[in-house]
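Structure, as structure tokens:
The values are calculated or read from the model by the stated rules, or taken from the named source; none is laboratory data. These figures come from a predicted structure and were not determined experimentally. Neighbour counts are summed over all protein chains in view; Cβ atoms, including those assigned to glycine, are modelled from backbone coordinates with ideal geometry. Note: areas computed on protein heavy atoms with side chains; ligands, DNA, RNA excluded. Shrake-Rupley method; radii C 1.70, N 1.55, O 1.52, S 1.80 Å.
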Amino acid sequence: EDQVTQSPEALRLQEGESSSLNCSYTVSGLRGLFWYRQDPGKGPEFLFTLYSAGEEKEKERLKATLTKKESFLHITAPKPEDSATYLCAVLPRGSNYQLIWGAGTKLIIKP
Amino acid sequence: DVKVTQSSRYLVKRTGEKVFLECVQDMDHENMFWYRQDPGLGLRLIYFSYDVKMKEKGDIPEGYSVSREKKERFSLILESASTNQTSMYLCASSIQVAGGQETQYFGPGTRLLVL
């Protein structure tokens, strides 16, 4: 069964303390992996799409990487405004439309 | 920039009422989606549409219907609202490319309370 698992469920960091969020997946072939940020009461905001193992993408303090079994979202020197829930989703090969979603990691950055 | 808009941010309805949620995208995307999001259950797909007048059931279509008469507009209909349909409703759209869809872009969400 296709599955996406995100860990940890919640992460509290001090401002400036770098860390990583994990998204592990078991699917029969990967078409794409997507990272989103979601603020409370709002819709998910797109961050990155990764397609193949070894691929990396960066945006400001965020860097997403992909292996054959998992993806990491690295946060370098985070600021309080990086606090949000980060969602991971996978589009399996053989599915044109339906994403498999992880439950998300709630990130809290304390000043 | 991709823009997906939803007709309401907050809605309060009574049990048994017919409820319409509307979504509009301005990027000429072929695919449109309706999700609901509940604490502890994550994002669940209700329905999606890959073309005008075309629709497919997602994971939880019961109690919902959809309509797509124009490419830019996708409506979610609750025929007879029930309290267990209280939720955050999210619309998304994506472009179709060879081999599958590209990134889904989301609207701001509609928080629906059914009393």
| Unique match (being assigned to a loop (DSSP other than H, G, I, E, B), open to solvent by 40 Å² or more (accessible area, probe 1.4 Å) and of a type outside the set (D, E, K, R)) among A:G94, A:G41 | A:G94
| said: Checking the condition under 14 Å from the mean Cα position of the chain (by Cα), more than 8 Å from chain A (Cβ to nearest Cβ), of a type in the set (A, V, I, L, M) and not in a loop (DSSP other than H, G, I, E, B), which residue from B:V24, B:V12 passes? | reply: B:V24
| request: Filter the stretch B:75-115 down to residues that are more than 14 Å from B:S8 (Cα to Cα) and more than 13 Å from chain A (Cβ to nearest Cβ), then give me how many there are. | output: 11
| note | Those residues of the stretch A:17-38 that are in a loop (DSSP other than H, G, I, E, B) and either among the aliphatic types (A, V, I, L, M) or within 13 Å of chain B (Cβ to nearest Cβ) (or both) come to a total of 2
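Examine the stretch B:46-61 for a residue that is touching a helix residue (DSSP H, G or I) at 6+ places or on another chain (Cβ under 6 Å) and either in a strand (DSSP E or B) or exposed (fewer than 13 other Cβ atoms within 10 Å of the Cβ) (or both), and state whether such a residue exists. Full working, then the answer.
Here is the first cut: in the stretch B:46-61, the residues touching a helix residue (DSSP H, G or I) at 6+ places or on another chain (Cβ under 6 Å) are none.
No; the residues of the stretch B:46-61 include none that is touching a helix residue (DSSP H, G or I) at 6+ places or on another chain (Cβ under 6 Å) and either in a strand (DSSP E or B) or exposed (fewer than 13 other Cβ atoms within 10 Å of the Cβ) (or both).
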| query | Among the listed residues B:V24, B:V12, B:V19, which satisfies the condition of being of a type in the set (A, V, I, L, M) and open to solvent by 60 Å² or more (accessible area, probe 1.4 Å)? | reply | B:V12
| remark: Filter the stretch B:64-75 for residues that are surrounded by fewer than 14 Cβ atoms within 10 Å (Cβ to Cβ) and not basic (K, R); the one that is farthest from B:F33 (Cα to Cα) is B:E69
| request: Output yes when any residue across the stretch B:97-109 is modelled with pLDDT of 95 or more, open to solvent by 10 Å² or more (accessible area, probe 1.4 Å) and over 22 Å from A:L50 (Cα atoms), and no when none is. | output: yes
| said: Filter the stretch A:52-64 down to the residues that are assigned to a loop (DSSP other than H, G, I, E, B) and either in contact with a Leu (Cβ under 8 Å, 6 or more places away or on another chain) or open to solvent by less than 70 Å² (accessible area, probe 1.4 Å) (or both) and list them by number. | reply: A:S52, A:A53, A:G54, A:E55, A:R61
